[in-house]
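J.: I'd like to ask you about the structure that follows.
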Amino acid sequence: MLTKLRNMPMTDKMGWIGVIFLQGATLPTMIANVLGWSATLPPLSMVLMVWIGLACYFYRAYKQRDTVYMTSNGIGLFFNTILLALIALPW
């Protein structure tokens with residue numbers, strides 16, 4: 001695994017680092033709400049627009065067989081679906 005990572009082109013490494021940072025931005029809000037640490041959620045319109053954008057990006061990545069973006073957008077869709085559920089279906 002480490003050998004594969006070392007031999008990966010810098011553009012791919014930057015793509016994977018971007019995945020970690022971008023998808024990590026959603027986690028604090030989701031975790032805080034799921035664990036009951038916070039009741040503050042982002043606006044529904046923002047989460048819905050991000051979800052639609054990620055779905056469009058995922059479609060493009062799928063058609064181009066781009067593994068980095070399929071992974072990133074798939075993770076983003078998963079986490080944003082959880083946020084949508086938290087907003088639309090309050091406990």
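The values are calculated or read from the model by the stated rules, or taken from the named source; none is laboratory data. All values reported here derive from a predicted model rather than from experimental measurement. Here Cβ is always computed from backbone atoms with ideal geometry, including for glycine, and neighbour counts include all displayed protein chains.
J.: Out of region 34-81, which residues are touching a residue at least 40 places away in the same chain (Cβ under 8 Å) and surrounded by 14 or more Cβ atoms within 10 Å (Cβ to Cβ)?
T.: Passing the criteria: L41, P42, V47, V68, Y69, T71, S72, I75, G76, F79, N80.
J.: Considering each of A61, A88, A55 in turn, give the residue that is of a type in the set (A, V, I, L, M) and under 20 Å from I17 (Cβ atoms).
T.: Every option except A61 fails the conditions.
J.: Does M70 satisfy the condition of being modelled with pLDDT of 85 or more and touching a Phe, Trp or Tyr at 6+ places or on another chain (Cβ under 7 Å)?
T.: It is true that M70 is modelled with pLDDT of 85 or more and touching a Phe, Trp or Tyr at 6+ places or on another chain (Cβ under 7 Å).
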